[in-house]
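Enquirer: My questions all concern the structure below.
The values are calculated or read from the model by the stated rules, or taken from the named source; none is laboratory data. Values in this document were obtained by computation on a predicted structure and should not be read as measured data. When we count neighbours, we look across all protein chains shown, and the Cβ atoms used for this are built from the backbone with ideal geometry, even at glycine. To get the accessible areas, we keep the full protein, side chains included, count just its heavy atoms, and leave off ligands, DNA and RNA. Shrake-Rupley method; radii C 1.70, N 1.55, O 1.52, S 1.80 Å.
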Amino acid sequence: MKTSRDPRHQKRRSTIQKLFSYSFDANQSSEDIADILIKLPEIDKKITLAAPEWPIDKIAKIDLAVLRNAIYELTCASPEPQKVLIDEAVELSKEFGNDKSSSFINGVLGTIVKDAV
């Protein structure tokens, strides 16, 4: 069972915090998120297609950070099952986001996974 002390959870929290910070200052960079930043145009395109009524610049920055990390893991980096990655993103959105973040994150990621099949 996943806990807040799970190293994978801690790494995701750290990555989301760095992506959030990056959204305010693109000049700052971190080796930890370099792979995600390289794929950012591709990731943002997936978000735009999955949530066309929400332009990237209108999505809350913390929700965007959670989405970017989750989409990167879903499409590029993680051997974990998709359901686990989506659940983790939803949990992180509950921790960092607002009351509606988790349903938004779940919907966008569900659309991306459904469209990828």
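Enquirer: When the scattering of region 1-58 is computed by the Debye formula from its Cα atoms alone, each counted once and equally, what is log10 I(q)/I(0) at q = 0.17, 0.21, 0.24, 0.25 Å⁻¹?
Expert: Rounded to two decimals, the profile gives -0.70, -0.92, -1.02, -1.04.
Enquirer: Have a look at D57, D32, D44 and tell me which one the Gaussian network model of the chain (Cα, springs below 10 Å) gives the largest fluctuation.
Expert: Its mean-square fluctuation being the largest, the pick is D57.
Enquirer: Report ³J(HN,Hα) in whole Hz for each residue of region 33-38, in order, from the Karplus equation J = 6.51 cos²θ - 1.76 cosθ + 1.60 where θ = phi - 60°; Gly and Pro get x.
Expert: 10, 4, 5, 5, 4, 4
Enquirer: With every protein chain left in place, what is the accessible area per residue of region 18-60 in square angstrom, probe 1.4 Å?
Expert: Accessible area per residue, region 18-60: 68 Å².
Enquirer: Report the number of Lys pairs in the chain whose alpha-carbons are under 20 Å apart, with separation of 8 or more residues or on distinct chains.
Expert: So the count works out to 26.
Enquirer: Residue-wise, which Karplus ³J(HN,Hα) couplings in Hz belong to region 26-32, taking 6.51 cos²θ - 1.76 cosθ + 1.60, θ = phi - 60°, and x for glycine or proline?
Expert: Per-residue couplings from phi come out as 5, 6, 7, 9, 9, 4, 4 Hz.
Enquirer: Here is a further query. Run the accessible area of the chain with a 1.4 Å probe and give the carbon-and-sulfur part as a rounded percent.
Expert: 52
Enquirer: Still on this structure, please answer the following. Quickly rank 107-116, 58-67 as a protection proxy: mean count of other C-beta atoms within 10 Å, highest first.
Expert: Ranked by mean Cβ neighbours within 10 Å, highest first: 58-67, 107-116.
Enquirer: Could I ask something else about it? Give me the percent relative contact order of region 55-117, please, defined on Cα pairs under 8 angstrom at least 6 residues apart.
Expert: Relative CO of region 55-117 lands at 35 percent.
Enquirer: Could you list the residues of region 90-117 with an amide nitrogen less than 12 Å from a label point located 7 Å from the Cα of R13 in the Cα-to-C-beta direction?
Expert: Label zone hits: 92, 95-96.
Enquirer: Further, regarding this structure: Mind checking the alpha-carbon convex hull of the chain and giving the volume per residue in Å³?
Expert: 104
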